[in-house]
Amino acid sequence: TFERCQSFCFSLFLHFNASYLEREDPDLPVCVEQTVLVWIPLGFLWLCAPRHLMTLFQKTKVNRKHLSKLYVCKQLVVSLLFLTAIAGLGVTLGEDFGPNRDSSSTVKNAGVFYANPVLYAVTWILVLLCQAGVRRRKETVDSATLFCFWFLLVLCDIFPFQTLLREALREGKVSDVPRFCLFYISFGLEFIAFILSAVADIPPELKERVKKNPEAGAPFWSRITFHWLNSMTVKGYKKPLVQEDMWELNREDSTPYIHQHFQHFMKSELSKARIRFQHKLKKKGVEGRDKAQDEAIQNGLSNGLGKGVSHDVLIMVRAQDEKKKKKKDKKEEEENYPNSWLISTIYKTFKGLLIESAFFKLIQDLLTFVSPQLLKLMISFTEDKSDYAWRGYLYAVLLLVTALLQTVVLQQYFQRCFVLGMKVRTALMAAVYKKALVVSNDTRKEATVGETVNLMSADAQRFNDVTNFIHLLWSCPLQIIISIVFLWLELGPSVLAGLGVMILMVPVNGFLATKARNIQVMNMKYKDQRLKIMNEILNGIKILKLYAWEPSFQTQVEDIRGEELKVMRKFAYLSSVSTFIFSCAPALVSLVTFGVYVGVSPDNVLTAEKAFTSISLFNILRFPLAMLPMLIAAMVQVTVSRKRIEKFLSGEDLQSDAVRHDPSFSSAVTISDGSFAWEKEAEPLLKNVSLDIKPGRLVAVVGAVGSGKSSLMSALLGEMHNTKGFVNILGSLAFVPQQAWIQNATLKDNILFGSPDEETRFQKVIDSCALTPDLELLPGGVQTEIGEKGINLSGGQKQRVSLARAAYSEADIYLLDDPLSAVDSHVGKHLFEKVIGPNGILKDKTRILVTHGVSFLPYVDEIVVLVDGQISEIGSYDSLRASRGAFSEFLDTYAKEQSNQNQSESGNYTTFLTEYKFLKLLYGSEDIQPDHPLEDTVSVTLKRENSIRRSQRKSSVRLRLNSSIKKPRDGEEIKKGQKLIEKEAMETGQVKFSVYLQYLRALGWGYTSVAFLVYFIQNAAFVGQNLWLSDWTNDADDYKNITYPNWKRDQRVGVFGALGVAQGVFVFLGTLILANASISASRVLHSRLLRNMLRVPMVFFDTTPIGRVVNRFAKDIFTIDETIPQTFRSWIMCLLGVLGTLVGICLATPIFAIVLIPLGLIYYFVQRFYIATSRQLRRLDSVSRSPIYSHFGETVSGLSVIRAYGHQERFLKHNEITIDENLKSVYPWIVSNRWLAIRLETIGNMVVFFSALFAVISRDTLESGLVGMSISYALNITQTLNWLVRMNSELENNIVAVERVSEYSEIENEAKWITDSRPPDTWPEEGRLQFEDYKVRYRPGLDLVLHGITCDINSTEKIGIVGRTGAGKSSLTNCLFRIIEAAEGRILIDGIDIAEIGLHDLRNHLTIIPQDPVLFSGTLRMNLDPFERVSDEEIWKVLELSHLKDYVAGLQEGLQHEVAEGGENLSVGQRQLLCLARALLRKSRILILDEATAAVDLETDDLIQKTIRKEFSHCTVLTIAHRLHSIMDSSRVMVLDAGKIVEFDSPRNLLEKQGHFYAMAKDAGITEQHIPIPAETIVEQSSAL
């Protein structure tokens, strides 16, 4: 019977169509349901079962005593199913052989009724075993194969399910009750099993991990749909995500795991490459020898026989040879390292991922071509009105199924590709970091720190970007070929015409791209210029304000900006041309193809099938054609990166055996006849050095500059190439380099440097290293965060921290490379006494000290004298002194310098201890910034701030800003809540709508509305074109049996073409209008920002790091210039495109509008959730990315220290942790894009499904052309929807720039520059100053700095102003210029209240010679007279008076000489003299001299004083003095203390009074005889004569 059933089935298969399908309600034959549909799921399971059964026989460590409820339920359901199968078999047996069977009938049951229950029973036993196997697998929560099996089973059982029901309903009774019941029971159980298989069964040991990383506990369907990310998206929607919300990484995504795998393959590949490289070199060597012989013979010949050959020929031949040689050299230079191993390493490391993703990509590519074929069937279905309706529904469902499958497969492919990219980047970053720790000096010299950091940032990122799309290399050609094949089938050879147009587009686009690149280069040039000037303006803003020079600089910036905008306009026009071409392309291609097709022969009539199938195929073609050129460009870039990374990673390592650690030696340090060079091939720097140092000795190394002292240290550390001899070291090392290396960490971490924290030892080290007073000044004590490169410590402090690190490490041998040169002499003595010297905390250790300080030498055990890299003598201080060798010469040179210093320094304080107490008193001003003037600490702090900011331009504020502030400004105590630098707000949450309005306002409403209108018309043309096409395709019916008239053909093609061109033209217009609008917006926003920044009060710059302001001019303006317009344009086009599509579908099938509302709502929510999360993940990514690079830069600059302490492993670990922190936000970001895509594409797929469904429902009223149009539209929508959300999110991320710029454009300004009440031009004629109860504070809410100052200063008086730091001297000048406004009281100049007039009127009539001379880059002339108000003669005159005439006249360009940024190409003295020249040019009656303490030698100082006395004798001069000498000839001296005038009289009277002034004078060693006769008295006497 079984055979009979089978034969019966086969015959049925043949007549299948006839009886079962050709009717209104089709059905599958029972036979097929009983055989084929049973075998499919069971076959699938049997194929997959062995993998699960394997685990049953393996020994596992998994503890599975615990049975979860879920597991028990699963097994129970399957056991019940087993029972149903047995019952089924029982029923059949009962019927055939049971006691109450019908004995009269001889027909037994068909074989299927025996076979199926048996098959099922076996299968259920298998399933029981499989589930047990899954449970034993480690860290598994479910099984994908079992899930698929249950899904298939339920799916296949739906057919018999409806067959049995329909039959029962038709006949009104159930014919076979037992089987009917059993089937429905088992179906229910199968369904329950299916639901259970979708639930994750999390074993107890995984529970903790799932909390930290939900992906670990996600079941199969959740992994496909990325449902497990939901909790993060919801959290991100409710509140902005922070780094703490990030999940743990999977083990295989973590840096250590990736790095280990990569290193494993890299080792073997690199060694193979090295062998290849050696062979190549050998071959070259052999060739070289042969060549040399050949050449010798040749030369002999040419000399002997070549007499006849003309001389010219020889020269030509030689020249050609030279050229060849040069080329060859260049090539050799490129390839002189083991190469082409990186790609194979990457492939081998990640081949699993690569192959998986390739598989998914292939499936996706093939599925892409199913939709056009289904579309074709769909159209022919609507054309043939007699076809059965169910076919239409079948096609609609098939469209949905293929689309959904495509979505799932595509997202899996993308997920794998992006994770692959991430992993490649991680592997390269970790490898570069590891290499940097062991790299030799040869390789290190080839690349700067910046370049090495670039390998990590730029080059690794390029690899990342390319790996994301690597499969397109084979997938694009594949897609192109398949599309062309299908198109050929539709339209025949006329396809080639359309293809030709597409191919022609490629070079055109290439040409435009090169043009665009050149323009970009120009643009960057102007940007750099503008930012350079902005930087200078912001750094010298105080000078600009004091001199009232803002307008001149404003016009300079505006001019450059104008040029920049011109270039941008060019670029915008160019890109609109390329947009025009790109948007015309699809219309052109279809026009040419259809035109040629219809024109070739009158038989070719365009049907709806052909037209719309072709259009959807052309749409598929667009993508690979656009991607290929981009991909090729990216590949070229990657090749460059590959070479750079290969070169670095295959470089030489340090000699690991350079330093021996042989315990049999008795000395702590031994060098036996060693010669050392910095590079392999170089001359040795240290020659024949032999050294033997016993444990516990203090050895000094001395020698002239460049004699090899630091090299000796490096040799001991094993940093140099050991050309002969050896070094042996007993025990651990600590190293203090000449330039202290400080990490960006807390002060405590810098000192501990990875050692365990012991409080008492730490305190002892801190005290010995004289760090206690510093800790009192630092805001956070030992927990103060130190900026990059120790930015907020002075040089002396850095050196002491570096020494403390060594002292704390408790090593056996200390190498101290001149640590005492960076600190003041008394601190140096203290350090020697307490740390290094015979009584210091290191007294029992071996210490090797490089020093220039002669004073320490008597206390050391042994002195090594180096001369030109050789040891000239060794011995104790006295013995060397006596020998009169190189050492005594050294002593003579250095002793002179030291004695000069000591005389000037010590003064009355002789002994060291009192000096140290004195240091504690003076600490506030002593060692903080020895290299800066004492006055305006705020500006100094800001400069430091600025450099911190710059290093973090990309990250958000990572340092605790307040930690980098040193001293309070002029007597302000920094209290809580009065931090100087406010923390910058990081934007979070949604952007306010007003910001968009602001941008639209800047674009101009006219422009915006016109642009919208134009784009709208373009879309209308697009819809129109497709409607026309669908109408055109209906001609096929109208002209079925008659010839197609030519006029009709021409009209159809013509209108179609015209509409296509119209689209292009309108896009072009729209782009042009938007380009103009966005450039005007850029202009408006920038000039508003600039205008305002020059008008904000000085207080703003004191409380804002310059970097923050520069960032507004750099990053944010760049975003407004370039990113926002593009995003905005794409957003408009996407939005209108989506709307156009939906309108098109609604036109064809009006019912569709009903579905739109729910789909729209889902869409809205999905994108809101996504945007909130994605935006914050991007921010976290960039914030966590910069620590990787800064830590790397830091490591490279501190390599010798890290290696000396042997901390490479710790730094490797730290690097892995830092990269992991970054991956924690990168990985969810990748997944969030997939999460979004899968949800949006599902919405798009629903659109396709419903448009097809409604087309079927209303097919009687529809033209086939419209159906084709609406479905081909819908097929296109999925991409556009996805893109729209991307653009939306981009726009929202970028529009923030507008917000940030406008925030700074609206800051409160200072008083008006010019007011209605203007002083007379000649004011001030006399120069009388009156202060009336003048009080002032720096900012509202702070204490007063000046407490009610009242005084009168007469015309032409010379006043000296003195007082301790913070007494309010500088505040006084700031008040005169109204840099700070009065709190009460007033200042009168010649009877005019300065608060009544405009700031520029006031500042232009006063002159100041500021403390630090600020110059701007530009010509000398511009620095003296930026408004070009005076003639050249006058300028030469003042240059003569300021003793600069000879210098300037000697310059090639004279007055047009370019001054470098910050005046760096002039000496400090010259800069100071230039400032004097500025003052002389201004000729005002009141001069304020803020005395320069810094860097002016006595000679210059003398010149300045003389000139001032002579040239400003008719002026009122206020001098703020830091050295009392310079004001002893004043008419009167004002002594300030804590913001009050305590004494005000002539110097002589004040000295007699014996008050404050007397005390200060005594400190400075000044007595009455130092007082010269004041200038005025001389003048009076002479006039009396």
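The values are calculated or read from the model by the stated rules, or taken from the named source; none is laboratory data. Everything numeric here is computed off the predicted structure, so don't read it as measured data. No Cβ is skipped: glycine too gets one built from the backbone with ideal geometry, and neighbour counts run over all protein chains shown. The area values use the complete protein model at the heavy-atom level, side chains included, leaving out ligands, DNA and RNA. Shrake-Rupley method; radii C 1.70, N 1.55, O 1.52, S 1.80 Å.
Among the residues of region 1327-1357, which ones are touching a residue at least 40 places away in the same chain (Cβ under 8 Å) and either touching a Pro at 6+ places or on another chain (Cβ under 7 Å) or under 21 Å from T1103 (Cα atoms) (or both)? V1336, R1337, Y1338, R1339, G1341, L1342, D1343, L1344, V1345, L1346, listed by residue number. When L504, L478, L489 are checked against the criterion of being more than 24 Å from Q364 (Cβ to Cβ) and open to solvent by 30 Å² or more (accessible area, probe 1.4 Å), a single residue qualifies: L504.
Counting only helices (runs of 4 or more DSSP H) that fall entirely inside region 1465-1567 and contain at least 3 residues that are under 21 Å from D1425 (Cβ atoms) and not basic (K, R), the qualifying elements are 1468-1482, 1498-1511. Restricting R391, R416, R425 to residues that are buried (at least 21 other Cβ atoms within 10 Å of the Cβ) and free of Cβ contacts under 8 Å to residues at least 40 places away in the same chain narrows the list to R425. Checked against the criteria, G492 counts as part of a helix (DSSP H, G or I), out of contact with any Lys or Arg (no Cβ under 7 Å at 6 or more places or on another chain) and at positive phi. Taken as a whole, region 637-646 holds no residue that is β-branched (V, I, T), surrounded by 19 or more Cβ atoms within 10 Å (Cβ to Cβ), in a helix (DSSP H, G or I) and more than 27 Å from the chain's Cα centre (by Cα). Could you check V122 against (1) within 30 Å of F57 (Cβ to Cβ); (2) outside any loop (DSSP other than H, G, I, E, B); (3) in contact (Cβ under 8 Å) with a residue 12 or more places away in the chain and say which number it fails? It is condition (3) that V122 fails.
Considering only region 1341-1434, give the strands (runs of 3 or more DSSP E) lying wholly within it that have at least 2 residues that are surrounded by fewer than 19 Cβ atoms within 10 Å (Cβ to Cβ) and of a type in the set (A, V, I, L, M).
Strands (runs of 3 or more DSSP E) meeting the threshold: 1382-1389.
Filtering I202, I224 for residues that are open to solvent by less than 90 Å² (accessible area, probe 1.4 Å), modelled with pLDDT under 95 and not in a helix (DSSP H, G or I) leaves a single hit, I202.
A search for C-beta distances below 7 Å between a residue of region 226-239 that is on the phi > 0 side of the Ramachandran plot and any residue that is part of a helix (DSSP H, G or I), counting only pairs 6+ apart in sequence or on different chains, returns F226/V1231; F226/R1234; F226/W1235; F226/I1238.
For region 377-424, the tally of residues that are among the β-branched types (V, I, T), more than 19 Å from I1277 (Cβ to Cβ) and modelled with pLDDT under 90 stands at 1. Tell me, please, whether a residue that is exposed (fewer than 14 other Cβ atoms within 10 Å of the Cβ), modelled with pLDDT of 90 or more, assigned to a helix (DSSP H, G or I) and out of contact with any helix residue (DSSP H, G or I) (no Cβ under 9 Å at 6 or more places or on another chain) can be found in region 524-536. Within region 524-536, none of the residues are exposed (fewer than 14 other Cβ atoms within 10 Å of the Cβ), modelled with pLDDT of 90 or more, assigned to a helix (DSSP H, G or I) and out of contact with any helix residue (DSSP H, G or I) (no Cβ under 9 Å at 6 or more places or on another chain).
Looking across V1183, V1201, one residue alone is modelled with pLDDT under 85 and under 30 Å from A430 (Cβ atoms). It is V1183.
Does D157 fit the bill of being acidic (D, E) and closer than 18 Å to V78 by Cβ? It is true that D157 is acidic (D, E) and closer than 18 Å to V78 by Cβ.
Against the definition (under 25 Å from V449 (Cα atoms), surrounded by 20 or more Cβ atoms within 10 Å (Cβ to Cβ), of a type in the set (A, V, I, L, M) and out of contact with any Lys or Arg (no Cβ under 6 Å at 6 or more places or on another chain)), how does V801 come out, yes or no? It is true that V801 is under 25 Å from V449 (Cα atoms), surrounded by 20 or more Cβ atoms within 10 Å (Cβ to Cβ), of a type in the set (A, V, I, L, M) and out of contact with any Lys or Arg (no Cβ under 6 Å at 6 or more places or on another chain). The C-beta contact set for region 758-783 (first residue part of a helix (DSSP H, G or I), second residue at pLDDT 85 or above and open to solvent by 60 Å² or more (accessible area, probe 1.4 Å), distance under 6 angstrom, 6+ apart or interchain) comprises S768/K834.
Does region 1102-1122 contain at least one residue that is at pLDDT 85 or above and among the hydroxyl-bearing types (S, T, Y)? Yes: region 1102-1122 contains one or more residues that are at pLDDT 85 or above and among the hydroxyl-bearing types (S, T, Y).
Of everything listed in (1) over 48 Å from the mean Cα position of the chain (by Cα); (2) open to solvent by less than 10 Å² (accessible area, probe 1.4 Å); (3) modelled with pLDDT of 90 or more, the single unmet condition for S1442 is (3). Take region 163-185 and flag every residue that is under 18 Å from E24 (Cα atoms) and touching a residue at least 40 places away in the same chain (Cβ under 8 Å). Within region 163-185, T163, R166 meet the criteria. Scanning region 1216-1229 for residues that are open to solvent by less than 10 Å² (accessible area, probe 1.4 Å) and either aliphatic (A, V, I, L, M) or more than 34 Å from the chain's Cα centre (by Cα) (or both) gives I1219, L1223.
Being among the hydroxyl-bearing types (S, T, Y), under 29 Å from F1128 (Cβ atoms) and not in a loop (DSSP other than H, G, I, E, B) is a description that does not apply to S1270. Summed over region 459-471, the residues that are open to solvent by less than 40 Å² (accessible area, probe 1.4 Å) and assigned to a helix (DSSP H, G or I) give a count of 7. Of the numbered criteria (1) over 29 Å from C1134 (Cβ atoms); (2) touching a helix residue (DSSP H, G or I) at 6+ places or on another chain (Cβ under 9 Å); (3) not polar (S, T, N, Q), the one P586 fails is (1). Kindly state which helices (runs of 4 or more DSSP H) lie completely within region 784-898 and contain at least 1 residues that are in contact (Cβ under 8 Å) with a residue 40 or more places away in the chain and touching a Phe, Trp or Tyr at 6+ places or on another chain (Cβ under 6 Å). In region 784-898, the matching helices (runs of 4 or more DSSP H) lie at 795-809, 825-831.
Of all helices (runs of 4 or more DSSP H) completely enclosed by region 988-1061, which ones contain at least 2 residues that are under 23 Å from A587 (Cβ atoms), touching a residue at least 40 places away in the same chain (Cβ under 8 Å) and open to solvent by less than 70 Å² (accessible area, probe 1.4 Å)? Passing ranges, in order: 1005-1033, 1035-1038. Only residues that are closer than 30 Å to G781 by Cα, assigned to a strand (DSSP E or B) and at pLDDT below 90 were counted across region 712-745, and they come to 0. Inspect region 752-767 for any residue being open to solvent by less than 30 Å² (accessible area, probe 1.4 Å), at pLDDT 90 or above, within 32 Å of the chain's Cα centre (by Cα) and not acidic (D, E) and give the result as yes or no. Yes.
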